[in-house]
Structure formats: structure tokens, C-alpha cells
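The values are calculated or read from the model by the stated rules, or taken from the named source; none is laboratory data. Note that this is a predicted model, so its numbers are computed, not measured. Cβ coordinates were reconstructed from backbone atoms using ideal geometry, including for glycine residues, and neighbour counts include every protein chain displayed.
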Amino acid sequence: MQFGLMTEPQLGGTYDDLLAVAGAAESAGFDVFARSDHYLNMNCHEATSEAIATLAGLARDTTLIRLGVMVTPVTFRHPAVIAKTATTIDQMSGGRFELGVGAGWMDSEHEAFGIEMPGLRQRLGMLFETLAYLHAAFGRSPGGYQGRYYRLADIEVLPRPTGELPIVIGGTGSDKTPTMAGRFADHYNVFACDAETLQARIRTMRTAAREAERDPDTIMVSLMSPVYAATDRAGYREVLAAEAASRNVEEAELEAELQRERVPHGTLDQAASLLAEYAAEGVGRFYVQLFSAIDEIDVKGLPGLLEGLRG
């Protein structure tokens, strides 16, 4: 199983903070470093760096680790802008960039910045057309693209990706998201969930891939989740207590939720055992999701965390 580190810079932190965490993740042996694409967080009012600009910087300031955006909303950028920035960062990084694309969901940031936020049905239509547009722009499908929202002339868009330039599609949807992933994505990302839900989504993705005459085995399934674990039970109880206090819930209630949603928790050995279950169910990459300001992340603990999760 591959391992990624997923960060949420809308909670605060400068580019230098982001670089420090990405560099630590690279040194620790993580396969991928990813960040969210948000313009603000209404609850914490911290400075929020721009996702695509920072990833371009990391493309030059790191050397080995893959870099990803999880995910850029189609409401923020026209697909031409997405295509151009993606292929440029791909070039700058020597082929280490992974492009995550989504429909967008945070009403508050759209309202604050005056960005139009269409209804979900239209956003999903925009996402579908963006993915089709990107396939044409990347040279994966012949000709241009003509849709309801976007169009691309039958031209050769340069630069082309240096290599694969994976497209990542993820979300909580049970039908449209996995269907679009099967048709267009290289990676399909899901959140921690019970085995029945996971298998249903993977089946939908694989069915859509076969209908699009694609090999479903070439589409990586990745999982994203926080980890509430420590080397021993005493350390785990401290982690659990702190998280329960932050949510204002009882520890037993939180622990039951983590168990139900199959969020890695307990000792690191227990978390690694759960990840082995996910791997047996078809998950090829796990993202440790950190809900912290970038400058508050314990970079010294990353090697031990990765070693423990690998089992």
C-alpha cells in the first residue's frame, strides 16, 4: 500500500510552513503529499494560501515525493485554466503532479468571494464536462470538446503531460462520483467507511470503467481518513480524550463512531491491521488526513507514524 499525507492549509500556515511539512513527509518516506483547495475557513479566520500556486512552488522545492491537490473545485477555475496549470506543474515537478478535481461544496467561501455556486446538479454537470475537456486537452481523447458549459477547439493543446499526470476523482457520492471516476479517473478516492459501502462504490466505479472500455484494474482506489492512534493504549487514550474534548462528545461515543466508520484508531498496530483489511478490499493508497494548521503539525512524528501504519 502507498501512503500519502493530506493537509488542510485553510486552517492556517504560510508557504514556508507547507514546504517544511512536505519536506518532512518526503524525508519520512511518504509517497504523496497533498493539500486541499479552499480559499478560507469561516470558523478559524486564518490566512489561507492558494493551492495551485503553492503546489507549483513545491514542484521546485521538493525532489521525490508526488504532489496532489485534493481537490480543485470546478467552480473556482475554467477547465482551460485547470489544464494549463496542471500540465505546467507536471512539467515543473518532473511528472510528480496529481490532479484532483471535484464539484465544490463549501457555500461560505463562494459567498465570501462572490464566486457563483450553482446547484449540485449543475455542478456535477460541470464536473463531467471538465473531465471530458481535460481528456481532450491532455490528448487522451481525439478532437476537441463541445458541451453545454465548456468547449475546446480541435487543436493540440501544449504542453502535453510529461507522463501519466493522474486525474483523481473522489467524494462521498454512491453513484455519480464513482461512475465519473470509472469513466475518466486514474485514481478514485473515498473516505473511511464500512466494507459494504466501500465495495458498492468500487463496483459502481468498475462497472462504469468497463462500459467506457477501460480496464478497471488500472484505476487506483485510495482512502482518506484521520488517524487517532499512538504506540500504546495509554497514548491512544490521550489522543481519544483530546479529540472527544474538541468535539464536545463523550469518549465512548467518539470511539463507537470511529469503529462504525472504520477510521484507523487504537494502537498503531491496530490501525495497521485495519489498513490491511482495506488493502484486501482493493485500496492501494491511504492518505493520513491532518486537520491542523500547517505550522502545528508534528513533523518529527511523521517517520514513526508512517512506520507504524505500514506494520
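Look at Gly94 and say whether it is on the phi > 0 side of the Ramachandran plot, of a type in the set (Gly, Ala, Ser) and in the same structural domain as Thr130 (by TED's automatic domain parsing). Full working, then the answer.
Working: on the phi > 0 side of the Ramachandran plot: yes; of a type in the set (Gly, Ala, Ser): yes; in the same structural domain as Thr130 (by TED's automatic domain parsing): yes.
Taking the combined requirement at face value, the residue satisfies it.
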List the number of the failed condition for Met117; all other conditions in (1) surrounded by fewer than 17 Cβ atoms within 10 Å (Cβ to Cβ); (2) not in a helix (DSSP H, G or I) hold. (1)
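Among the listed residues Met6, Met70, Met1, Met106, identify the single one that is among the hydrophobic types (A, V, I, L, M, F, W, C), closer than 23 Å to Val227 by Cα, in contact (Cβ under 8 Å) with a residue 60 or more places away in the chain and surrounded by fewer than 19 Cβ atoms within 10 Å (Cβ to Cβ). Before you say what the answer is, go through the steps one by one.
Values: Met6 fails: surrounded by fewer than 19 Cβ atoms within 10 Å (Cβ to Cβ); Met70 fails: surrounded by fewer than 19 Cβ atoms within 10 Å (Cβ to Cβ); Met106 fails: closer than 23 Å to Val227 by Cα.
Only one candidate qualifies: Met1.
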In the set Leu254, Leu258, Leu240, Leu274, which member is aliphatic (A, V, I, L, M) and in the same structural domain as Gly68 (by TED's automatic domain parsing)? Leu274
Could you tell me whether Val157 is of a type in the set (Val, Ile, Thr), closer than 23 Å to Ala80 by Cα and in a loop (DSSP other than H, G, I, E, B)? yes
Contacts under 8 angstrom Cβ, first residue in the stretch 160-171 being on the phi > 0 side of the Ramachandran plot and at pLDDT 95 or above, partner surrounded by 15 or more Cβ atoms within 10 Å (Cβ to Cβ) and of a type in the set (Val, Ile, Thr), 6 or more apart: Leu165/Thr87
Thr130 fails exactly one of (1) in contact with a helix residue (DSSP H, G or I) (Cβ under 6 Å, 6 or more places away or on another chain); (2) surrounded by fewer than 16 Cβ atoms within 10 Å (Cβ to Cβ); (3) of a type in the set (Ser, Thr, Tyr), namely (2)
Lone qualifier among Glu50, Glu46 - being on the phi < 0 side of the Ramachandran plot, charged (D, E, K, R) and modelled with pLDDT of 95 or more: Glu50
